[in-house]
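Here is the structure we will look at.
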Amino acid sequence: MSDCLFCKIIAGEIPSHKVYEDDRVLVFLDIGPVSRGHALFVPKVHGSDLGTATKEDACALIGAVYMAAPKLLERLGASGYNLGMNHGADAGQIVFHTHLHFMPRYAGE
Ligand code: 5GP
Ligand code: ZN
């Protein structure tokens, strides 16, 4: 979608720090991290929220977490992570392109 921020990131029109990618999902660092390594898992096909995604893309999001999380935790030295999704404006969604927040956690923090 031409006026979507995350579509522009996926298209490479806006720079981002990419940390993982598969055929359906792009993962890049959040510009306003709540923890070091906070990343966004984003379907490459535009949809405003999870309810508009195909089942394949919805499943691909958690599949990408399954594949990427061990590598990201090892690279970051993190010991765990939180996942989160703000679905809809009343839930705090600001960017209306489906995304899953991956927030690494560190021992002692
Ligand atoms: P939401 O509240 O919609 O779930 O969260 C949107 C997220 O996108 C926020 O955590 C925000 O920091 C992040 N964000 C907003 N603009 C940009 C940007 O231009 N680049 C990146 N990498 N993240 C962004
Ligand atoms: Zn989009």
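Rounded, prolate or oblate: which fits the range 45-109, taking a ≥ b ≥ c as square roots of the Cα gyration tensor eigenvalues, rounded meaning a/c under 1.5, else prolate when a/b beats b/c? Here the range 45-109 falls in the oblate category. Annotation: cysteines of the chain without a disulfide-compatible partner (Cβ-Cβ under 4.7 angstrom) are C59.
Global dimensions of the chain from alpha-carbon coordinates: Rg and Dmax equal 13.4, 43 Å. Computed over every Cα-Cα pair of the range 1-48 and binned at 5 Å starting from 0, the pair-distance distribution P(r) comes out as 5, 23, 31, 26, 13, 3, 0 percent. Between L83, L40, L61, where does the largest GNM mean-square fluctuation fall for the chain, given springs only between Cα atoms within less than 10 Å? Looking only at L83, L40, L61, the largest GNM fluctuation is found for L83. Among the lysines of the chain, pairs that are 8 or more positions apart or on different chains and have alpha carbons within less than 20 Å of each other number 5.
Read-outs: derived from the displayed coordinates by stated rules, not from any lab. Small disclaimer: the values here were computed from a predicted structure and weren't measured. Quick reminder, even Gly has a Cβ in these numbers, built from the backbone with ideal geometry, and neighbours come from all protein chains shown.
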